[in-house]
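The structure under discussion appears below in the form of structure tokens.
The values are calculated or read from the model by the stated rules, or taken from the named source; none is laboratory data. Bear in mind that the values here come from a model prediction, so they are computed numbers and not experimental data. Cβ: placed from backbone, ideal geometry, glycine included. Neighbour counts: every protein chain shown.
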Amino acid sequence: MADTFKTLCSMCGRYCGINAYVENGKMIKVEGMTEHPVNRGGLCPRGLAAVQYEYDPQRLMHPLKRIGERGEGKWKQISWEEALEVTAQRLGEVKEKHDSRSIFFFKGQGDHWESSWEHVKRFMNVLGSPNFGSHSHLCSIPFMMGQVYTMGQWAVADIENTNCIILWGYNPFTSNLPSGRRILDAKERGAKLVVIDSRFTESGAKADLFVRPRPGTDGALALGMMKVIIEEGLYDKEFVDKWTYGYDKLQELIQPYQPERVKEITGVPVETICEVARLYAITKPASIETGNAFDQHTNSVQASRAIGILIAISGNLDQPGGNVFRLEPKVADIRLTDKLPQGAKPIGHHPLFYRIWSVTAPDLLDTLLSGEPYPIKAMIVMAGDPAISLSEQGRVREALKKLDFLVVHDLFMTATAELADIVMPAASCFEYPIFCGYHGVRVPVNTQLVALRSKIVEPPGECHSDFEFVWSLARKLGLGEHFPWETEEEAFDEELKPSGITTKDLKEHPEGILRTIDPQELYQKYERQGFATPTKKVEIYSTTLEEFGYDPLPTFEEPGESPISRSDLAKEFPLVCCIAIKPVQYTHAQFRTVPWLREIMPEPWVEINPLKAKELGIEDGEMVVVESPRGSIEVKAKLIEGIDSGTVFIPHGWGEPYAHGSADNFITPGSPCCPISASTGNRSFLCRIRKA
């Protein structure tokens, strides 16, 4: 007889509720938890395949020590205790010979961010190094920066109350199914749906209006929409006069962005530019929800700022049915920032990114290769794989090989783990607990949800949780006093204190504890406290960007490697390539070995417009080579009507050595970068295609 455990799935960042069935200590089946407010009983293909993922035969079970050359694949099995001893010794040597700052911690998404990211920061602060980071210059943070340095916070769509929603570079019907369901509910009650995307996606198929700009020109389209809205008097004059800073400079900025000029830049017809601008401005209330399309261009932050300003001047900011500043669940700050030595300056030259998140990964690579401003000699990698996730793989591997010491904590022998000195096996999301606060677009804006992902099976072999890894390493380094907890749940209770919730409460409510926020508390908060910017207004003209030497206006810049900015290169590489497809079966580079998921989507491909394919002599299903100035990959051709003939699309995430497929970062560009966020142009670079 199987026991039923109610917990959360962390195979993506939505944290859906699941019922897990365990028999004789082994998980045998999962199904959706009907009472969970996010997924309401539904599960995506990943969740349904959880048992196969949990018992993947390629999982690491024991720590390994490199005995050959780096990357040679020669290993010796050692104990967990010995692996910790060696790691602590090598990190101590780096600290003594150089400085704590010469140690870097790279944390990936793995099966969650949540509390473990805060424990990484705590570890690095007490160690004395400001150098920690992730791949987040390609995911969420660039767009968040644009919003924060314009209006003080990230404003998300109030889907449940909107009458018009624009999905801009966002396809929730593969990347966020619970939100997709909420959008369909809004459509059913009469809300208009506009989709702006360079590829005709599942979202586009459900839209009332589909808009297809050239990749990387979203900022110009937003400025063109503002031009129409302002010239036709459709903006909220009262809000603009009272709550914006620099509107007069915006009026000057948008003068060249007549619809005819915007058509030349974006490829969007004049009548469509005007139609979407008027629909958004006239329909009250209206909202905009964005996705990773904004995070992977060389002009990411300013494009994000243009979207934020569009929301503000239309009168839809922090209003019911517009874009609202969420009131997140309260948790304690456990980072111990005061323990970091004064004057411990991080590497890199993107200080506004560091203010919000961390060191950027491109800055890490630059320092590894140059040794400036001081060397990084050792790196800890947990739940991430920079060798696959960062652009220009050849350069990334060259940089990683310069490390004196590299330790990786992961479930599989990743591309980065292959280069490590010590590899330590990680527990899966079903083998240890964590509390989850549902931020951003995971739940309606008028709610706060906190839930506990409970442990349901024991870790196999010598696999340990992310928390155990960080805490054990801290204790070996003599920092144990800062990690006094015996169990994860003790640590969570400390973090949850400000919320008044305990892990005991969460265990009694496996569906989570949901709070509904009073509208008086939620909306128009700026009327009571202003905006969280230096001027307390929406900064169309950003005083912060000006202070740090960046353009204070959301000026459009052509993508760094496009047919226009690099017309010389376009003669040899005439197509624009977007690594932009996020299959519902996979999360980033994970799960390619899970049989059910691989059966549905067995291999990567490149989408080509049929007319372009005919011109190139390529037929559907043929193997082709996609080449960029950096390298090439071999994938299958897939002919698709819904894309421009000058653009091709490739899914992200194949290429792990333990899995299969070509890694897309052989062709993605490591430079140029967005000057403010360091985001690279993974969705707007040049390529060419030929038969294999």
When Ser562 is run through (1) small (Gly, Ala, Ser); (2) surrounded by 23 or more Cβ atoms within 10 Å (Cβ to Cβ); (3) outside the structural domain of Ile618 (by TED's automatic domain parsing), the failure sits at (2)
Could you check, for the range 594-604, whether at least one of its residues is out of contact with any helix residue (DSSP H, G or I) (no Cβ under 7 Å at 6 or more places or on another chain) and either at positive phi or surrounded by 23 or more Cβ atoms within 10 Å (Cβ to Cβ) (or both)?
yes
Test of understanding: among Arg70, Arg40, Arg14, which residue is assigned by TED's automatic domain parsing to the domain that holds Ala451 and either within 28 Å of the chain's Cα centre (by Cα) or modelled with pLDDT under 95 (or both)?
Arg70
Working only within the range 633-692, note down all residues that are among the hydrophobic types (A, V, I, L, M, F, W, C) and closer than 18 Å to Leu364 by Cα.
Cys673, Cys674, Ile676, Ala678
Quick check: anything in the range 142-162 of a type in the set (Val, Ile, Thr), in contact with a strand residue (DSSP E or B) (Cβ under 7 Å, 6 or more places away or on another chain) and farther than 28 Å from Arg40 by Cβ?
yes
Filter the range 501-528 for residues that are over 19 Å from Leu8 (Cα atoms) and among the basic types (Lys, Arg) and give the result.
Lys525, Arg528
Cβ contacts < 7 Å: first residue assigned to a helix (DSSP H, G or I), restricted to the range 355-382; second residue among the aromatic types (Phe, Trp, Tyr) and modelled with pLDDT of 95 or more, any location; separation 6+ or different chain. Result?
Leu364/Phe104
Among the residues of the range 192-209, are any assigned by TED's automatic domain parsing to the domain that holds Glu539, crowded, with 19+ Cβ neighbours inside 10 Å and among the aromatic types (Phe, Trp, Tyr)?
no
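The rows are residues; the columns are (1) touching a strand residue (DSSP E or B) at 6+ places or on another chain (Cβ under 8 Å); (2) modelled with pLDDT of 95 or more.
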{"site": "Thr266", "(1), (2)": "no, yes"}
{"site": "Glu275", "(1), (2)": "yes, yes"}
{"site": "Tyr280", "(1), (2)": "yes, yes"}
{"site": "Ser287", "(1), (2)": "yes, yes"}
{"site": "Gly291", "(1), (2)": "yes, no"}
{"site": "Ser300", "(1), (2)": "no, yes"}
{"site": "Leu317", "(1), (2)": "yes, yes"}
Could you check the range 574-692 for strands (runs of 3 or more DSSP E) lying wholly inside it with 1 or more residues that are touching a His at 6+ places or on another chain (Cβ under 6 Å)?
575-581
Give just the number: which of (1) at pLDDT below 95; (2) touching a strand residue (DSSP E or B) at 6+ places or on another chain (Cβ under 9 Å) does Pro178 not satisfy?
(2)
Members of the range 469-503 found to be polar (S, T, N, Q), without any contact (Cβ under 8 Å) to a residue 60 or more places away in the chain and out of contact with any Leu (no Cβ under 7 Å at 6 or more places or on another chain), listed by number:
Thr487
Here are Gly348, Gly315, Gly343, Gly308: which of them is closer than 30 Å to Thr244 by Cβ and part of a loop (DSSP other than H, G, I, E, B)?
Gly315
Criterion first (at pLDDT 95 or above, crowded, with 24+ Cβ neighbours inside 10 Å and of a type in the set (Phe, Trp, Tyr)) does Tyr245 satisfy it?
no
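Matching residues to (1) aliphatic (A, V, I, L, M); (2) buried (at least 19 other Cβ atoms within 10 Å of the Cβ):
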| position | (1), (2) |
| --- | --- |
| Ser428 | no, yes |
| Tyr438 | no, yes |
| Leu452 | yes, yes |
| Cys463 | no, yes |
| Phe467 | no, yes |
| Arg475 | no, no |
| Glu490 | no, no |
| Lys537 | no, yes |
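Residue-by-condition table, conditions (1) touching a residue at least 40 places away in the same chain (Cβ under 8 Å); (2) surrounded by 24 or more Cβ atoms within 10 Å (Cβ to Cβ); (3) among the small types (Gly, Ala, Ser):
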{"residue": "Lys284", "(1), (2), (3)": "yes, no, no"}
{"residue": "Ile288", "(1), (2), (3)": "yes, yes, no"}
{"residue": "Gln296", "(1), (2), (3)": "yes, yes, no"}
{"residue": "Ala312", "(1), (2), (3)": "yes, yes, yes"}
{"residue": "Leu327", "(1), (2), (3)": "yes, no, no"}
{"residue": "Ile334", "(1), (2), (3)": "yes, no, no"}
{"residue": "Pro341", "(1), (2), (3)": "yes, no, no"}
Of the residues in the range 1-11 that are surrounded by fewer than 19 Cβ atoms within 10 Å (Cβ to Cβ) and part of a loop (DSSP other than H, G, I, E, B), the one that is modelled with the lowest pLDDT is Met1
Mind checking whether some residue in the range 642-649 is surrounded by 21 or more Cβ atoms within 10 Å (Cβ to Cβ), modelled with pLDDT of 95 or more and closer than 20 Å to Glu392 by Cβ?
yes
For the range 102-121: of the residues being crowded, with 23+ Cβ neighbours inside 10 Å and among the charged types (D, E, K, R), which is farthest from Val470 (Cα to Cα)?
Asp111
For the structure I just gave you, tell me whether Glu527 is in a loop (DSSP other than H, G, I, E, B) and farther than 30 Å from Thr416 by Cα.
no
Just checking, which of Arg395, Arg442 is part of a loop (DSSP other than H, G, I, E, B), surrounded by fewer than 23 Cβ atoms within 10 Å (Cβ to Cβ) and touching a Gly at 6+ places or on another chain (Cβ under 8 Å)?
Arg442
Among the listed residues Gly13, Gly32, identify the single one that is over 19 Å from Ala426 (Cβ atoms) and small (Gly, Ala, Ser).
Gly32
Restricting attention to the range 186-226, report how many residues are in contact (Cβ under 8 Å) with a residue 24 or more places away in the chain and part of a helix (DSSP H, G or I).
13
Meets criteria (of a type in the set (Gly, Ala, Ser), in contact with a strand residue (DSSP E or B) (Cβ under 7 Å, 6 or more places away or on another chain), surrounded by fewer than 23 Cβ atoms within 10 Å (Cβ to Cβ) and modelled with pLDDT of 95 or more) for Ser79
no
Restricting the search to the range 319-338, which residues are among the β-branched types (Val, Ile, Thr) and either part of a loop (DSSP other than H, G, I, E, B) or under 19 Å from Ser499 (Cα atoms) (or both)?
Val331, Ile334
If we scan the range 27-44, do we find a residue that is of a type in the set (D, E, K, R) and either in a strand (DSSP E or B) or crowded, with 21+ Cβ neighbours inside 10 Å (or both)?
yes
List every residue pair whose Cβ atoms sit under 8 Å apart, with the two residues 6 or more apart in sequence or on different chains, where the first one lies in the range 504-522 and is closer than 14 Å to Tyr438 by Cβ and the second, anywhere, is charged (D, E, K, R) and surrounded by 11 or more Cβ atoms within 10 Å (Cβ to Cβ).
Glu511/Lys6; Glu511/Glu35; Ile513/Asp505
I'd like the full set of residues that are under 17 Å from Trp357 (Cα atoms) and surrounded by fewer than 24 Cβ atoms within 10 Å (Cβ to Cβ), limited to the range 668-692.
Pro675
